[in-house]
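Below is one structure, written out as structure tokens; the observations come after it.
The values are calculated or read from the model by the stated rules, or taken from the named source; none is laboratory data. Keep in mind that what you see is a predicted model, and the values were worked out from it rather than measured. All Cβ positions, glycine included, derive from the backbone under ideal geometry; neighbour counts span all protein chains shown. Heavy atoms of the whole protein, side chains included, go into the accessibility calculation; ligands, DNA and RNA do not. Shrake-Rupley method; radii C 1.70, N 1.55, O 1.52, S 1.80 Å.
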Amino acid sequence: MRELPSILHLDMDAFFASVEQASKPSLRGKPVVVGGLGGRGVVATASYEARVFGVHSAMPMAQARRRCPNAAFLIPRFELYRQVSEFVMGLLRQLSPLVEPLSLDEAFVDLEAGPYGELLRESGPVGGAALARALSEDLRADILAGVGLTASVGLSGTKFLAKIASEQAKPDGLVLIEPGREREVLDPLPVRALPGVGPATAETLRRFGITRVAEVAATSQDELVRLLGRAHGVGVHALALGVDERAVVAERDAKSVSVEDTFEVDLADRERIRAELDRLAERCVRRLRAAGRSGRTVVIKVRRFDFSTLTRSETLPAPTDDPLVIASMARRLLEQVELTGGVRLLGVGVSGLADFTQEDLFAQAQALREAEEERFAELEAEVAAAEAAQARDAEAARGGAAGAETVGGAGGGRDAVGGARLGGAAGAEAEAVGRAVTGGPDTGSAGAGPGAGNVRGSGTGRPGGAGSGDAGAAVTGDAVIGDAGAVMAAVTGVATADDEAAYGGPAGPRGFHPGSSRVAGRRWMPGQDVTHVEYGPGWVQGSGVGRVTVRFELPWAEQPGRVRTFAVDDPALEPADPPTIARGAA
């Protein structure tokens with residue numbers, strides 16, 4: 001154990017919420033809650049003003065809204081949080097090369113390894129403690145001046161006690177625990193304050209009458225080993241005595257890379273679940289490659305409708321970062337999980353990380369072959385369904401046309417599918433099987449002529465192309481049968497210029513809007529950064545019933561900015577990158 005309190009632990013105060021308050025002058029001093037805003041969202045961080053009402057991290061967002069309905073509930077802006085974190089970590093690295101980040105807002109620093117190390121050692125216990133305190137106060141002042149945020153700092157001779165000190169310093173404080181005061185500080189604390197003591201271990205100790213750290217320290221090591229196992233028992237006993245030999249490590253090697261999503265509504269459709277799994281696998285690979293890593297083991301996580309959580313994994317003979325291989329493995333693992341009842345959370349991860357990639361050509365070829373076979377099967381099913389529907393409609397149209405021909409006259413229209421003569425002087429109407437789509441002027445009108453009649457096509461259709469002279473065409477799935485470009489879109493998934501996809505993309509609802517030229521309304525989230533052609537940068541306060549309310553203000557402004565309301569599809573309003581809150585930054 002060190003004789004000097006030269007290990008520093010820094011923890012930013014309510015980091016996400018504080019960044020939001022620093023960048024939005026109108027929110028300073030008011031309750032702010034950051035997290036997922038959906039029905040199943042959870043609180044990531046709550047400002048101290050919101051904590052007064054009992055709101056805390058990991059609380060369901062619905063419960064937080066009930067406890068503090070007047071708070072500002074905002075989406076996270078991780079890009080901005082990373083910028084602020086880089087600024088803070090840069091200040092820490094000026095104090096020492098040994099900086100061990102624990103998260104975006106928390107880190108250990110070994111002051112003895114930095115430029116002040118020799119002076120700390122030469123100053124002795126009293127002078128060294130005073131110097132460490134002065135360095136910490138300067139650090140907190142630099143953070144406040146640079147980004148307008150407060151930080152809590154703990155100093156001690158061990159990492160464990162430095163973290164305990166920073167917790168006692170919150171918010172916006174500094175606590176130094178001198179060597180020799182370990183038991184004085186630790187004894188009154190509950191056993192959960194010890195690293196590695198979770199609910200299960202705490203319950204085991206409670207059954208034996210051990211609830212405080214002092215009681216753990218008073219228990220023999222052999223007894224704790226009997227209760228908790230050798231490794232755990234020895235470690236817990238040492239920490240209770242204030243003994244912690246862990247060093248500050250600048251580079252902590254990541255053990256895995258993973259991503260996961262919780263869905264607003266349970267996913268029951270297996271194809272939709274597979275599509276979400278593919279998307280997660282792609283995101284996981286992007287993170288893996290950004291870190292310059294590869295991995296051997298692919299893991300999926302599935303939380304079902306009843307909150308039961310299952311994991312499945314598979315290991316390759318060599319590490320890979322190939323998205324096709326990882327997605328293929330994730331899909332195979334998904335087949336091992338019972339999905340009846342719905343899925344509320346999906347996750348994909350890669351472990352067994354390495355710094356190189358030894359390509360598994362056989363695995364890649366197999367994945368490509370499986371993907372190709374699956375795609376061909378889907379295309380064959382789509383084509384077969386389209387041909388069957390076309391045959392049924394043509395047969396029905398021929399039957400109607402035969403009757404119409406007996407009274408037919410000039411100017412009759414053509415059936416959208418079969419091409420049979422339909423019209424007559426009396427304007428007879430042939431009705432095909434299925435729901436009707438009646439052509440209007442220039443969009444599905446029957447062939448020119450005084451006796452032209454309207455035609456109804458089968459399927460969940462839409463009007464025909466402008467000026468095509470065809471009646472409303474039959475639709476199978478998402479395409480218009482009878483239009484070559486639309487059939488190609490149904491089979492290949494690629495829409496032509498004359499047949500734009502009329503839905504919100506693969507993740508959107510598969511419902512057609514009344515025409516390809518109509519622009520869907522944009523969705524604006526509370527806290528989102530925007531810019532307006534006239535008013536400049538601002539952020540979304542809220543939106544609904546076709547309107548969006550924006551407050552136009554910038555960090556470091558003395559007064560809250562003005563508020564304006566716009567239509568959600570106002571072309572002058574656009575999403576924007578978050579403004580930096582660091583003073584002097586461009």
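Numbers for the structure displayed
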read-out	value
Condition check for residue 41: over 30 Å from residue 159 (Cβ atoms), surrounded by fewer than 17 Cβ atoms within 10 Å (Cβ to Cβ) and not basic (Lys, Arg)	no
Strands (runs of 3 or more DSSP E) (entirely within the range 212-327) containing at least 3 residues that are basic (Lys, Arg)	294-304
Contacts under 7 angstrom Cβ, first residue in the range 70-83 being modelled with pLDDT of 95 or more, partner buried (at least 21 other Cβ atoms within 10 Å of the Cβ) and of a type in the set (Asp, Glu), 6 or more apart	74/20
Selection count where residues are within 19 Å of residue 538 (Cα to Cα), among the hydrophobic types (A, V, I, L, M, F, W, C) and surrounded by fewer than 24 Cβ atoms within 10 Å (Cβ to Cβ), scope the range 28-38	0
Selection within the range 553-583 - surrounded by 15 or more Cβ atoms within 10 Å (Cβ to Cβ), within 27 Å of the chain's Cα centre (by Cα) and farther than 25 Å from residue 87 by Cβ	568, 570, 573
Residue list for the range 94-105, restricted to those being open to solvent by 30 Å² or more (accessible area, probe 1.4 Å) and in contact (Cβ under 8 Å) with a residue 60 or more places away in the chain	97, 98, 101, 104, 105
Residue check, residue 306 more than 16 Å from the chain's Cα centre (by Cα), among the acidic types (Asp, Glu) and within 19 Å of residue 262 (Cα to Cα)	yes
Qualifying residue in the range 211-225 (condition: open to solvent by less than 60 Å² (accessible area, probe 1.4 Å), free of Cβ contacts under 8 Å to residues at least 60 places away in the same chain, under 38 Å from the mean Cα position of the chain (by Cα) and more than 24 Å from residue 154 (Cβ to Cβ))	no
Close pairs (6 angstrom Cβ cut-off, 6 or more residues apart or separate chains): under 12 Å from residue 258 (Cα atoms) in the range 272-290, in a helix (DSSP H, G or I) and open to solvent by 10 Å² or more (accessible area, probe 1.4 Å) anywhere	281/327; 282/323; 285/323
Single condition residue 149 does not satisfy, out of (1) free of Cβ contacts under 8 Å to residues at least 12 places away in the same chain; (2) crowded, with 21+ Cβ neighbours inside 10 Å	(1)
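Here is a yes/no grid of residues against (1) under 24 Å from the mean Cα position of the chain (by Cα); (2) surrounded by 19 or more Cβ atoms within 10 Å (Cβ to Cβ); (3) closer than 26 Å to residue 44 by Cα:
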position: 71; (1), (2), (3): yes, yes, yes
position: 79; (1), (2), (3): yes, no, yes
position: 89; (1), (2), (3): no, no, yes
position: 92; (1), (2), (3): no, yes, yes
position: 114; (1), (2), (3): no, yes, no
position: 118; (1), (2), (3): no, no, no
position: 125; (1), (2), (3): no, no, no
position: 134; (1), (2), (3): no, no, no
